[in-house]
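Shown next, in structure tokens, is the structure this report addresses.
The values are calculated or read from the model by the stated rules, or taken from the named source; none is laboratory data. This is a predicted model, so every value here is computed, not measured. Reconstructed Cβ throughout: ideal geometry from the backbone, glycine too, with neighbour counts over all protein chains shown. Just the protein is used for accessible areas: all its heavy atoms, side chains included, with ligands, DNA and RNA removed. Shrake-Rupley method; radii C 1.70, N 1.55, O 1.52, S 1.80 Å.
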Amino acid sequence: MAESKSKIESVREWVVEHKLRTVGCLWLSGLAGSTAYNWSQPMKFSVKIIHARMYAQALTLAALAGAAAVEFYDRKAKDAKLPVHNHSN
């Protein structure tokens, strides 16, 4: 009987298959969220835009680092599962 995948496992697999789409969505949501937050702050409009872009860039860099870590650990896990052939006789 096949085991059903957990919700977290299925989300992880989707993120692994769609890394750039995930980073793009995080960037867009970060930009929208930081714009909404900065809108309520008493600043000039140009400063609000600059702050929103900075926060979105920081979130994007964190997402790229996370995607790199996922890729690294996925490759490490795949390499660990591959059989090792010793041809030194």
* Among (1) at pLDDT below 85; (2) in a helix (DSSP H, G or I), which single condition is Ser46 missing? -> (1)
* Looking at (1) at pLDDT below 80; (2) surrounded by 13 or more Cβ atoms within 10 Å (Cβ to Cβ), find the lone condition where Thr22 falls short. => (1)
* Asked: Which one of the conditions (1) polar (S, T, N, Q); (2) outside any helix (DSSP H, G or I); (3) modelled with pLDDT of 85 or more does Ser29 fail to meet, given that it meets all the rest?
  -> (2)
* Among the residues of segment 47-79, which ones are among the acidic types (Asp, Glu) and open to solvent by less than 60 Å² (accessible area, probe 1.4 Å)? -> Glu71, Asp74
* **Residues located in segment 23-56, provided they are under 21 Å from Ala68 (Cα atoms) and aromatic (Phe, Trp, Tyr)** => Trp27, Tyr55
* Structure fact -> For segment 47-63, pairs from a residue that is farther than 14 Å from Ser29 by Cβ to a residue that is surrounded by 14 or more Cβ atoms within 10 Å (Cβ to Cβ) and not hydrophobic (A, V, I, L, M, F, W, C), with Cβ under 7 Å and 6 or more apart or across chains, are Lys48/Asn38; His51/Ser34; His51/Asn38
* Are any residues in segment 1-19 open to solvent by 60 Å² or more (accessible area, probe 1.4 Å), of a type outside the set (A, V, I, L, M) and in a loop (DSSP other than H, G, I, E, B), and if so, which ones? -> Glu3, Ser4, Lys5, Ser6
